[in-house]
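Novice: Quick one: the structure is below, questions incoming.
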Amino acid sequence: MGSPSHAIEPPSAPAGLGRGAVVASLDLLRRLVPLWGMLLAGLLIVSRRPDAVMHARFWAEDGRTFYADVYNRGLLATLAVPQSGYFQELPTLAAGIAQLAPLALAPLITNSIAIVVRVLPVGLLLSPRAETISPGIVVRALLATLYIALPGTFESDANVDNALWYLAVAAVLVLMLRPPRRRSTRALDVTILALCSVTGVFSIALAPLAFLHRRRRGAGAVSRLTLGILTVGAAIQLLALLVLQYHLPHGFGARPRVSVPLHPSVTGLLQILGIRVIAEPLLGNAVVLSATAATLLGILGAVGALTALRRGTAELKLMVAFGGALFVMAVAHPWGVDWQELTVYPTGSRYFIIPQLAAVATLVWAIGATRVPWRLVPAGALVYMCLFTIPRNWTYPPFRPTGFTRQAALFEHAHPGSRVTFQLEPRGWSMTLVKR
């Protein structure tokens, strides 16, 4: 009859099921990596500016234009009005959502939306679809970390007025990712692209770049729907820039784009590139360079960009081209400043977020693409950035007290028709609401 142990030996099927459960668990953990990465990134953003959550208040156009216009004029009417020369539907929609809560909580809602948009590229980089950017998740995690830790983001972190720049980062990443298989993922891609197309001028640069990326990567890399969304968005924003901003309706806080003489020069252009795009992310916001050093860094940055466009991967070429296009657009028509002012931090810091990301991505690529000992140069630059620059520039100065919460409580009990003005950040900005 044989021994009893042989009689009760389990068949091989349960062992197979055990291996299947392990595989399923690992697959689940893999799919949760983007979510955990986004949560960690959100905590890091809050650690840089805790008062954006603990003592939330509006920043600049967050309150004066978007929240005030939606409150005083209505959401649909405000969506139809361009601000600063182009449509900005993300902060307008955020202001509309914030109307559902008491005024005292409205800044917390808009800031929270801004933080979600800020960390969205982290989730995209850590998703398996981003293996087209780099097959190694360590490289993509490094890129995500550098994206969160960029030192020059004082005016753009945790406020929805400037969250459009991070929405644009998410949009250009969508073009790089492996095509989606699930409907939910496809819906997320479409939402990002559509919202980016009607928020800022980014679609004007992204539409032609998407066509080029499709030619380089093949028709399957960029869908016709993506091309259609970006093309329509570019047409809408060009219409706003060329026509609509000069025919704004009365009663809104929106204004046409303010221009001043730029005083352009070749050396001035190279100095802006050298200081704001190359030196700031590597050396920090307080860096002071001579005109000669800034010019040389600008030349180095231009050579690095051309090298990446010639020898880099298709995804790196797309990122560098996008950053370059936005840099050109920024210096060609900045808001109310000339080129000399653009060389000084923090003037126009938001303009250089994506060019800086392109520069940092080029450094990461150069570590693997260059030979020893040349790769020690980009590696050393990144090590210095991580060990010294980022820690020194991590936290931001706290906001000054404006008494917003107290004023908001008084506003809730004001008589209909009362006009109340609130002090905002930065200093000199205010928001006027007419009690309904």
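The values are calculated or read from the model by the stated rules, or taken from the named source; none is laboratory data. All figures in this text were calculated on a predicted structure; none of them were measured in a lab. In this analysis, Cβ positions are derived from the backbone assuming ideal geometry, glycine residues included, and neighbour counts consider all displayed protein chains. For accessibility, only protein heavy atoms count, side chains too; no ligands or nucleic acids. Shrake-Rupley method; radii C 1.70, N 1.55, O 1.52, S 1.80 Å.
Novice: From a point 7 Å beyond the Cα of L239 in the direction of its Cβ, which residues of region 59-77 have a backbone N at a distance under 19 Å?
Specialist: Once the point is set 7 Å along Cα→Cβ of L239, 76-77 turn out to lie under 19 Å by backbone N, inside region 59-77.
Novice: Would you kindly derive the ³J(HN,Hα) couplings of region 102-107 from the backbone phi angles with the Karplus curve 6.51 cos²θ - 1.76 cosθ + 1.60 (θ = phi - 60°), listing them in order in whole Hz, with x for Gly and Pro?
Specialist: x, 4, 4, 9, 4, x
Novice: Also, I was wondering about something else. Per residue of the chain, what 222 nm ellipticity follows from adding -39500 (n - 2.57) for every DSSP H run with n ≥ 4, rounded to the nearest 500? If you can, show how the numbers build up before the last one.
Specialist: Details: 20 runs with 252 residues, N = 436.
Computed mean residue ellipticity for the chain: -18000 deg cm²/dmol.
Novice: Angle check, please: helix 224-242 long axis (alpha carbons) against the longest principal axis of the chain (alpha carbons), in degrees 0 to 90, nearest 10.
Specialist: For helix 224-242, the angle is close to 10 degrees.
Novice: Expressed as a rounded percentage, what relative contact order does the chain have, with Cα pairs under 8 Å and six or more residues apart?
Specialist: Working: 605 pairs, mean separation 84.9, N = 436.
For the chain, the relative contact order is 19 percent.
Novice: Would you please give the FRET efficiency between S290 and W374, computed as 1/(1 + (r/R0)^6) with r the Cβ-Cβ distance and R0 = 22 Å, to the nearest 0.05? Please list the in-between numbers first.
Specialist: Numbers: r = 26 Å, r/R0 = 1.19.
For R0 = 22 Å, the calculated efficiency reads 0.25.
Novice: Here's another thing I want to ask about it. Given a 10 angstrom Cα cut-off, can you work out which residue in P82, P346, P355 is the most mobile in a GNM of the chain?
Specialist: So, out of P82, P346, P355, the one fluctuating most is P346.
Novice: To continue, here is another question. Obtain the nm distance between the two label points defined at M329 and L225 by a simple spin-label model: each point lies 7 Å from its Cα along the Cα-to-C-beta direction.
Specialist: Each label point is offset 7 Å from its Cα along the Cβ direction, giving 2.4 nm.
Novice: Here's a follow-up. Candidates (1) 32, 28, 20; (2) 39, 30, 22; (3) 32, 30, 25; which is the computed semi-axes √(5λ) of the Cα gyration tensor in Å?
Specialist: (2)
Novice: Starting from the Cα gyration tensor of region 111-152, take the square roots of the eigenvalues, sort them a ≥ b ≥ c, and report rounded, prolate or oblate (rounded when a/c is under 1.5, otherwise prolate if a/b is larger than b/c, else oblate).
Specialist: Working: a/c = 3.67, a/b = 1.61, b/c = 2.28.
Oblate, because a/c is 1.5 or more while a/b does not exceed b/c.
Novice: Quick one: length gained pulling V266 to F154 fully straight, 0.36 nm per residue minus the C-alpha distance? Write down the numbers at each step before the final one.
Specialist: Values: separation 112, 0.36 × 112 = 40.32 nm, distance 2.82 nm.
Answer, rounded to one decimal: 37.5 nm.
Novice: Under the classification rounded if a/c is under 1.5, otherwise prolate if a/b is larger than b/c and oblate if not, where does region 285-350 fall, given a ≥ b ≥ c as square roots of the Cα gyration tensor eigenvalues?
Specialist: Here region 285-350 falls in the oblate category.
Novice: Pull up all non-local amide H partners of Q83: gap of 5 or more, or a different chain, and H-to-H distance under 5 Å with H placed in the peptide plane.
Specialist: Q88
Novice: Residue separation times 0.36 nm, minus the C-alpha to C-alpha distance between Q99 and S418: what's the value? Don't skip to the end; give the middle numbers.
Specialist: Values: separation 319, 0.36 × 319 = 114.84 nm, distance 1.79 nm.
Value of the extension gain: 113.1 nm.
Novice: Oh, and also: With only Lys, Arg, Asp and Glu charged, each at its Cβ (+1 for the first two, -1 for the last two), find how big the charge dipole of region 254-326 is about the Cα centre; round to the nearest 20 debye. Kindly include the intermediate steps, with their values, before the conclusion.
Specialist: Numbers: 6 positive and 2 negative charges, 41 e Å.
The calculation lands at about 200 debye.
Novice: Just to confirm my numbers, what's the Cα centroid distance between region 365-436 and region 265-319 in Å?
Specialist: The two parts, judged by their Cα centres, are 24 Å apart.
Novice: Moving on. What residue among P264, P107, P179 has the largest mean-square fluctuation in a Gaussian network model of the chain, using Cα springs under 10 Å?
Specialist: P264
Novice: Looking at the chain as a GNM with Cα springs under 10 Å, which of L316, L230, L125 has the largest mean-square fluctuation?
Specialist: Fluctuation is largest for L316.
Novice: Counting heavy atoms of the protein chains only and a 1.4 Å probe, report the per residue accessible area for the chain as a whole number of Å². Please report the intermediate quantities before stating the final value.
Specialist: Details: 20820 Å² over 436 residues.
I get 48 Å² per residue for the chain.
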